[in-house]
1. Using θ = phi - 60° and the Karplus relation 6.51 cos²θ - 1.76 cosθ + 1.60, list the HN-Hα couplings for region B:85-96 in order, rounded to whole Hz, with x at every Gly or Pro.
2. Can you list residues from other chains, or at least 5 along the same chain, whose modelled amide H is less than 5 Å from the amide H of B:S64?
3. For n ≥ 4 DSSP H runs only, could you compute -39500 (n - 2.57) per run for the protein assembly as shown, divide by its residues and tell me the 222 nm figure to the nearest 500?
4. Given the pairs A:K31/B:K224; A:K27/B:K91; B:K6/B:K95; A:K31/B:K91; B:K91/B:K224, which span a C-alpha to C-alpha distance of over 18 angstrom in this model?
5. Identify the residues of region B:176-190 with backbone N under 15 Å of a label point that sits 7 angstrom from the Cα of B:K224 along the Cα-to-Cβ direction, or state none.
6. Between 0 and 90 degrees, rounded to the nearest ten: what's the tilt of helix B:182-198 against the longest Cα principal axis of chain B?
7. Multiplying the sequence separation of B:D201 and B:T67 by 0.36 nm and subtracting their Cα-Cα distance, what value in nm do you get?
8. Multiplying the sequence separation of A:K81 and A:K31 by 0.36 nm and subtracting their Cα-Cα distance, what value in nm do you get?
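The numbers here are math on the coordinates, done by the rules we state, and not lab data. Just so you know, these numbers come straight off a predicted model, no measurement behind them. In this analysis, Cβ positions are derived from the backbone assuming ideal geometry, glycine residues included, and neighbour counts consider all displayed protein chains.
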Amino acid sequence: MTTAMIIAAMAGTTMALRFLPFLVFGKDTPKYISYLGKVLPQAIIALLVVYCLKDVSIMSHPFGIPELIAGVSVVIMQAWKRNAVISILLGTVIYMFIIRIM
Amino acid sequence: MEVIKKAFYRSIPVMAGYIVLGIGFGILLHNAGYGVIWAAAMSVFIYAGSMQYVGIGLLTGGASIITTVITTIMVNARHLFYSISMIDKYKRSGKYKPYLIFALTDETYSLLCDDEDHSEETINRYRFFVSLFNQCYWVIGSVAGCLLGTVIPFSTKGIEFSMTALFIASFTEQWINSKNHIPALTGLGCTLLCLIIFGSDRFMIPSMLLITLILTLIRGREEKAS
C-alpha cells in the first residue's frame with residue numbers, strides 16, 4: 001500500500017509540474033509568458049547540455065577528453081549534415097570507443 | 001502513416017538511451033525487491049527518468065508522502081520550464097494535448113521544442129507519436145530490466161552519452177537556426193556559473209531562476225531585436 005502511495009505521490013507531483021503552467025497561463029497567455037516561451041528553449045537546451053556533463057572531471061583521468069572529442073564530433077556532424085540521428089549515433093560510437101581505449 | 005514514419009525516425013536518437021537507461025532502472029528496482037508490475041507502473045504513470053532513479057531510494061526508505069512530494073518538486077522543477085515554453089506551441093493540439101503535456105520529458109522536449117517542419121493538420125499527430133514512441137522505449141526498457149534482474153552480458157558502458165549527444169545536437173541545430181544567440185549564451189553562462197557556485201548536486205534550481213531573471217531583464221531589448 002505504501003509503495004502504491006509513494007508512486008502515486010511521485011506521479012501526481014510530476015504531473016502537477018507539467019500541467020500547472022498550461023492550467024495557469026493556457027487560456028490567456030500573458031505576453032511575458034509568450035516571450036519566455038520563445039527564448040527559454042535555447043537556454044534550457046544549454047542547461048541540459050551542462051546538466052549531462054556536470055559530473056565530468058577535467059582534473060582527473062580521463063580529463064573530460066572523451067566527452068570533449070565526442071561532443072565536438074556531434075557539433076561538427078550536426079552543422080555539416082543537419083541530421084540528428086547521424087550526429088548522435090556518431091558521437092555515441094566515438095565516445096564508447098574512446099572510454100574503452102583510454 | 002507518413003506522419004508515424006517521420007515521428008519514428010525523429011524518435012530514433014532517444015531509443016537506445018531510453019531502453020538502456022530504462023533497463024538500468026528496472027535492474028535497480030528489481031534488486032530493491034520490487035516486481036515488474038511496479039516497474040511498469042512507475043514508467044507509465046511517473047515517466048520521468050531521473051525521478052524514477054531517485055524514487056527507488058524513496059521506496060526502499062519508506063519515505064513519507066511529504067518527503068516524496070518535496071523531493072519530486074526539487075528533482076522535476078525544470079518541467080515547469082518545458083511546459084511554459086510549449087504553451088503557445090500546444091495551444092491547438094486538441095485531443096492530443098493532455099498526453100503531449102504528460103509525456104514532456106527532457107528528451108521529448110528537445111525533439112519537439114524547435115520542430116516546426118510540419119503542416120498544421122499533421123503536427124499534432126506527429127508530436128503525439130514522437131512522445132508515444134519515446135515512452136514506449138522507456139517502458140520496454142524498465143520492464144525488461146526488471147525481468148532480467150541482472151546486468152546484460154555485453155557492455156553498454158558509455159551508451160548513456162547518446163542523451164548528452166542528443167542535447168548537443170539540439171543545441172547546435174538551434175544555434176544554426178537562430179540569428180540571436182543571446183538566449184543560448186544566457187543559458188550556458190548562467191548554468192556554468194551556478195554549477196561552479198552551488199556544485200553538481202544543487203545547481204539546477206538556482207540556474208533556472210538566474211536564467212529567468214536575466215531573460216526577464218533583457219526582455220525589452222530582445223523583443224526589439226526580434
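1. 7, 9, 3, 5, 5, 8, 4, 10, 8, x, 5, 7
2. none
3. Helix contribution divided over all residues of the protein assembly as shown: -25500 deg cm²/dmol.
4. Distance filter (> 18 Å) returns B:K6/B:K95; B:K91/B:K224.
5. Backbone N within reach: none found.
6. It works out to around 50 degrees.
7. 46.5 nm
8. Additional length available on full extension: 14.4 nm.
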